[in-house]
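Chemist: Quick one: this structure, given as structure tokens, is what I'll be asking you about.
The values are calculated or read from the model by the stated rules, or taken from the named source; none is laboratory data. Computed from a predicted model, the values in this text were never measured in an experiment. Every residue, glycine among them, receives a Cβ derived from its backbone with ideal geometry; neighbour counts consider all protein chains shown. The area values use the complete protein model at the heavy-atom level, side chains included, leaving out ligands, DNA and RNA. Shrake-Rupley method; radii C 1.70, N 1.55, O 1.52, S 1.80 Å.
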Amino acid sequence: QVQLVESGGGLVQAGGSLRLSCVASRHTFRWIDMGWFRPAPGKEREFVVVSWSGGSTNYADSVKGRFTISRDNAETTVYLQMNSLKPEDTAVYYCAAQTSGNGYDSWGQGTQVTVSS
């Protein structure tokens, strides 16, 4: 497992932007798949985006074209750039790591994003 610390949440108007950061404690970060999740009605957590250790990414349809995930392996940090934010993006965003290939086994404490209309 790995310790994860998110930051960057806040209050923004619709159409605005925020960048979330998630710092991981593990030096083998470059081999870890990193994802972002948020709660959704009827679900504990909804997939938002993943950055695979091999370099590819995958986005939920609801955020495609608006959100961008990136990672700095030297800084063991993953970023989520969120543009064109909508009120329905309001949520606590959680950073997660998949270290063993058996699902996401490490979670951050979450950072609140609030988008006002």
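Chemist: Mind checking whether some residue in segment 24-47 is small (Gly, Ala, Ser), surrounded by 20 or more Cβ atoms within 10 Å (Cβ to Cβ), on the phi < 0 side of the Ramachandran plot and without any contact (Cβ under 8 Å) to a residue 60 or more places away in the chain? If you could, list the steps in order and put the result at the bottom.
Modeler: First, pick out the residues of segment 24-47 that are small (Gly, Ala, Ser): 24-25, 35, 40, 42.
Adding the requirement that they be surrounded by 20 or more Cβ atoms within 10 Å (Cβ to Cβ) leaves 24, 35.
Still in the running and on the phi < 0 side of the Ramachandran plot: 24, 35.
Add one more test, that the residue is without any contact (Cβ under 8 Å) to a residue 60 or more places away in the chain, and what stays is none.
Scanning segment 24-47 turns up no residue that is small (Gly, Ala, Ser), surrounded by 20 or more Cβ atoms within 10 Å (Cβ to Cβ), on the phi < 0 side of the Ramachandran plot and without any contact (Cβ under 8 Å) to a residue 60 or more places away in the chain.
Chemist: Every residue in segment 89-117 that is assigned to a strand (DSSP E or B) and either of a type in the set (A, V, I, L, M, F, W, C) or under 12 Å from the mean Cα position of the chain (by Cα) (or both), please.
Modeler: Within segment 89-117, the first condition is being assigned to a strand (DSSP E or B), and the residues that meet it are 91-98, 106-107, 111-116.
Selection gives Ala91, Val92, Tyr93, Tyr94, Cys95, Ala96, Ala97, Trp107, Thr111, Gln112, Val113, Val115.
Chemist: Mind checking which pairs have a first residue in segment 104-117 that is within 17 Å of Gly15 (Cα to Cα) and a second that is of a type in the set (Val, Ile, Thr) and loosely packed, with under 15 Cβ neighbours inside 10 Å, Cβ under 6 Å, 6 or more apart or different chains?
Modeler: none
Chemist: Same structure, new question: As an exercise: evaluate Val63 against (1) outside any strand (DSSP E or B); (2) open to solvent by 20 Å² or more (accessible area, probe 1.4 Å); (3) in contact (Cβ under 8 Å) with a residue 12 or more places away in the chain and give the number of the one condition it does not meet.
Modeler: Tallying (1) outside any strand (DSSP E or B); (2) open to solvent by 20 Å² or more (accessible area, probe 1.4 Å); (3) in contact (Cβ under 8 Å) with a residue 12 or more places away in the chain, Val63 fails exactly one: (2).
Chemist: Looking at segment 67-79, can you tell me whether even one residue there is open to solvent by 50 Å² or more (accessible area, probe 1.4 Å) and at positive phi?
Modeler: no
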